[in-house]
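The values are calculated or read from the model by the stated rules, or taken from the named source; none is laboratory data. Everything numeric in this text was worked out from a predicted model, so none of it was measured. Please note: Cβ atoms are built from the backbone with ideal geometry, for glycine as well, and neighbour counts cover all protein chains shown. Ligands, DNA and RNA are excluded from the accessible area calculation, which covers all protein heavy atoms including side chains. Shrake-Rupley method; radii C 1.70, N 1.55, O 1.52, S 1.80 Å.
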Amino acid sequence: TADACHAQGIQTVAVTAGYVHAEARRDFFAKMDAANVDLKAFTDEFYYRLTGAHLAPVLETLEYIVRETSTWLEITTLLIPGHNDSEVEIRAECAWIMGHLGPDVPLHFSAFHPDYRMPDVPPTPAATLARARQIALEAGLHYVYTGNVHDAAGDTTYCPGCGAPLITRDWYEILSYHLTPDGHCPHCQHPIAGRFESQVGRFGRRRIPLRMGG
């Protein structure tokens, strides 16, 4: 499928848990232009108890993508109240990302909503997301976002050089876009990490309702 997409000039994006053996990892990410990896928590106890998996292979995948591929990487952590949202765990995750992947890998903290096998767990408070984002910024990460909530500050891309807001978002909507055609801050010319087109695309909620016929 990825080869067919590339033949038509369409880029490929993987949304993945990152839990994959080394040989398959090499073959898979060789075909991916970008990847968003779910780093579900930062303790092996969480991974084994809730998913039956382990943390170490996911961390190996993250390092592999950054060091061995040209795939653009972003990370998402769903913060689940009482399970993986302690400041100690968040600080450990951010320190690892900073030390092993560098400051320019975007990190998304997303809000949990009760569903499926966790209907009794409360939604993630907005304050938890804001605090996690602040911890990540204090750790030195440049691009930290909040997800599954309306939070203009947490959705905005800021210049690491001068702090100017460059891409303002509200959930799926891009409200303003201020980058040079080559992906630099127009105010201080600091390069902004990412993959950018020369013009802003049109994004938003595009779910189309389907009518199921009998």
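What the stretch 110-201 shows is 55 Å² of accessible area per residue, with the surface traced by a 1.4 Å probe over protein heavy atoms. Amide H contacts under 5 Å for Phe112: Leu79, Thr124, restricted to partners 5 or more places along the chain or on a different chain, H placed in the peptide plane at 1.01 Å from N.
Can you compute the FRET efficiency between Asp170 and His21 using 1/(1 + (r/R0)^6), with r the Cβ-Cβ distance and R0 = 35 Å? Round to the nearest 0.05. After rounding, the FRET efficiency stands at 0.35. Solvent-accessible surface of the stretch 10-104, averaged per residue with a 1.4 angstrom probe and all protein chains in place: 49 square angstrom. Among the protein heavy atoms of the chain, carbon and sulfur supply 54% of the accessible surface, probe 1.4 Å, non-protein parts ignored. Our coupling estimate for the stretch 18-30, obtained by passing each phi through the Karplus curve with A = 6.51, B = -1.76, C = 1.60 and θ = phi - 60°, is x, 9, 8, 5, 4, 5, 5, 4, 5, 5, 5, 6, 5 Hz, Gly and Pro reported as x. Note on Leu78: accessible area approximately 70 square angstrom, rounded to 10, probe 1.4 Å, nucleic acids and ligands left out. Computed from the Kirkwood radius of its Cα pairs, the Stokes-Einstein diffusion coefficient for the chain at 10 °C and 1.306 mPa s stands at 85 µm²/s. Kirkwood-type hydrodynamic radius, the stretch 1-62: 12.7 Å, calculated from all non-identical alpha-carbon pairs.
Ordered by 1.4 Å accessible area with all protein chains kept, Tyr145, Tyr116, Tyr19 run largest first as Tyr116, Tyr19, Tyr145. In this Cβ point-charge picture (+1 for Lys and Arg, -1 for Asp and Glu), the stretch 1-131 has a dipole of about 80 debye about its Cα centre.
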